[in-house]
Amino acid sequence: MARTIAGVDVLVTSPSRNFVTLKITTDDGVVGWGDATLNGRELAVAAYLQDHLASALVGRDADRIEDTWQYLYRGAYWRRGPVTMAAIAAVDLALWDIKGKALGVPVYQLLGGAVRDKLLCYTHATGWDVPELLDSVERKREQGYRAIRAQFGVPGLDKVYGVTRGGAAYEPAGRGGGPAEEVWETSAYLRHAPTVLAAVREHVGPELKLLHDAHHRLNPTEAARLARSLEQVDLFWLEDVIPAENQRLLRGVRAQTTVPLAIGEVFNSVWDADRLITERLIDYLRMAVVHGGGISHMRKILAFAELYQVKAGPHGPSDVSPVSMSASLHLCLATTNFGIHEFMGYDPLVGEVFRSSFRMSDGYLRPGDEPGLGVDVDEAAAARFPYVQAYLPVAREVDGTVKDW
Ligand code: GCO
Ligand code: MG
């Protein structure tokens, strides 16, 4: 018996930060949840879903996930881009959730079943100076993490991506008002980064996996210099060394270093990642299911990447909601070329709206075994946290020129 889509609702809620959540209800009463959060541009995706997709979805066969994906991607004529792909992802996740619930199985079973027992994850350590950073690393180690991303302050700069002072949790989006501005100086960062990361390695010993995110700031020469200066630190990966659009230029960086490279959190389709995969210019692909068109598109991309020995290292910051975090864990549990998952954790308020069954323990994540994606959304709680305008910061060089943030 065909099950049709009867209701499509978009929830924008802000329990400590903004999330855009899609609810699809079928005529036989199954509810599926999707995530469409695009940090700093949330309302654009909410409008895409509400104003352009909702009425076209009502009455469609809810069981036809791939057909719906093709309909929304090819059928729109205007393809790709973060807004479109986050909207398609939300529908896709909700339909996988519905299929799992209707059949009584967790989504990873629908994807072929688990190929491993648990998913290695990394979390963030942040400190303005070395002692503060080492403290932060220690706190994360005590929580069981086996892989840690280290971000640190740079002398002469007031604010730096990924860094807080006094041990506060990092959250890049500023709430209320316009985008904050930060001054950035690459030369100061390049002088400082190798010493700090060497100090962290010295402190933690050889086993802990260490990662670092350069957050799109460098040109290929600077990127190669940084990577070469970090060879002895034995990083698990160095992330976003150059802006992700400049793919040809990554060849030069690659030729200079054996430090594993990760890129792709801003990608939205296989076409964004094509060259990086086929030329194997990266070791880890950072695309998240929410920004990469959902499970249906991401599983094809990862199958393609498998042929080139590129692994998944999905983006998992606080702006990837528990719905897409859970979807990503289901996908990765069933994907052979999985490498590591980012996991920042969530503010306790997020748990008032999203009840999720995935768990982190001993440095590994695992989705729950409930039917579907294993996340319930409390709509009454969501309504208590109305949207708050929020922006990611904008960076400028010392002379005022806008720089990649
Ligand atoms: C990461 C990312 C994030 C992004 C943020 C933007 O590696 O986790 O770089 O910190 O900047 O998710 O929305
Ligand atoms: Mg990053």
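The values are calculated or read from the model by the stated rules, or taken from the named source; none is laboratory data. In this text the structure is predicted, and so the values were computed from the model without any measurement. Virtual Cβ from ideal backbone geometry, glycine too; neighbours counted across all protein chains shown. We work out accessible area using only protein heavy atoms, side chains counted, and drop any ligands, DNA or RNA first. Shrake-Rupley method; radii C 1.70, N 1.55, O 1.52, S 1.80 Å.
Structural remarks
- Complete set of residues in segment 56-69 that are more than 10 Å from I88 (Cβ to Cβ) and without any contact (Cβ under 8 Å) to a residue 40 or more places away in the chain: A56, R64, D67
- For segment 255-292, the candidate set comprises residues that are of a type in the set (V, I, T) and not in a loop (DSSP other than H, G, I, E, B); within that set, the residue that is most open to solvent (accessible area, probe 1.4 Å) is T278.
- The helices (runs of 4 or more DSSP H) found wholly in segment 294-405 and carrying at least 2 residues that are open to solvent by 60 Å² or more (accessible area, probe 1.4 Å) occupy 294-306, 379-383.
- Just one residue in the set G177, G167 is in contact with a Ser or Thr (Cβ under 7 Å, 6 or more places away or on another chain), more than 21 Å from V259 (Cα to Cα) and not in a helix (DSSP H, G or I); that residue is G167.
- Top-ranked residue of segment 151-163 - restricted to ones that are more than 15 Å from ligand 2 (Cβ to nearest atom) and open to solvent by 20 Å² or more (accessible area, probe 1.4 Å), ranked as farthest from D135 (Cα to Cα): G156
- Residues that are open to solvent by 60 Å² or more (accessible area, probe 1.4 Å) and part of a strand (DSSP E or B) within segment 181-209 comprise E181, V183, K209, listed in sequence order.
- Any hit, segment 31-41, residues being buried (at least 18 other Cβ atoms within 10 Å of the Cβ), of a type in the set (F, W, Y) and outside any helix (DSSP H, G or I): yes
- So A87, is it modelled with pLDDT of 95 or more, in a helix (DSSP H, G or I) and surrounded by 23 or more Cβ atoms within 10 Å (Cβ to Cβ): yes
- Yes/no for L111 being under 22 Å from Y284 (Cα atoms), surrounded by 23 or more Cβ atoms within 10 Å (Cβ to Cβ) and in contact (Cβ under 8 Å) with a residue 60 or more places away in the chain: no
- Residue match in segment 239-246 (condition: within 25 Å of the chain's Cα centre (by Cα), surrounded by fewer than 17 Cβ atoms within 10 Å (Cβ to Cβ) and in contact (Cβ under 8 Å) with a residue 60 or more places away in the chain): yes
- Some residue of segment 174-185 being within 16 Å of ligand 1 (Cβ to nearest atom) and either without any contact (Cβ under 8 Å) to a residue 40 or more places away in the chain or of a type in the set (G, A, S) (or both): yes
Let's see how each residue does on (1) buried (at least 19 other Cβ atoms within 10 Å of the Cβ); (2) assigned to a helix (DSSP H, G or I):
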site: P15; (1), (2): yes, no
site: T25; (1), (2): no, no
site: G29; (1), (2): no, no
site: L53; (1), (2): yes, yes
site: T68; (1), (2): yes, yes
site: W96; (1), (2): yes, yes
site: K99; (1), (2): yes, yes
site: A102; (1), (2): no, yes
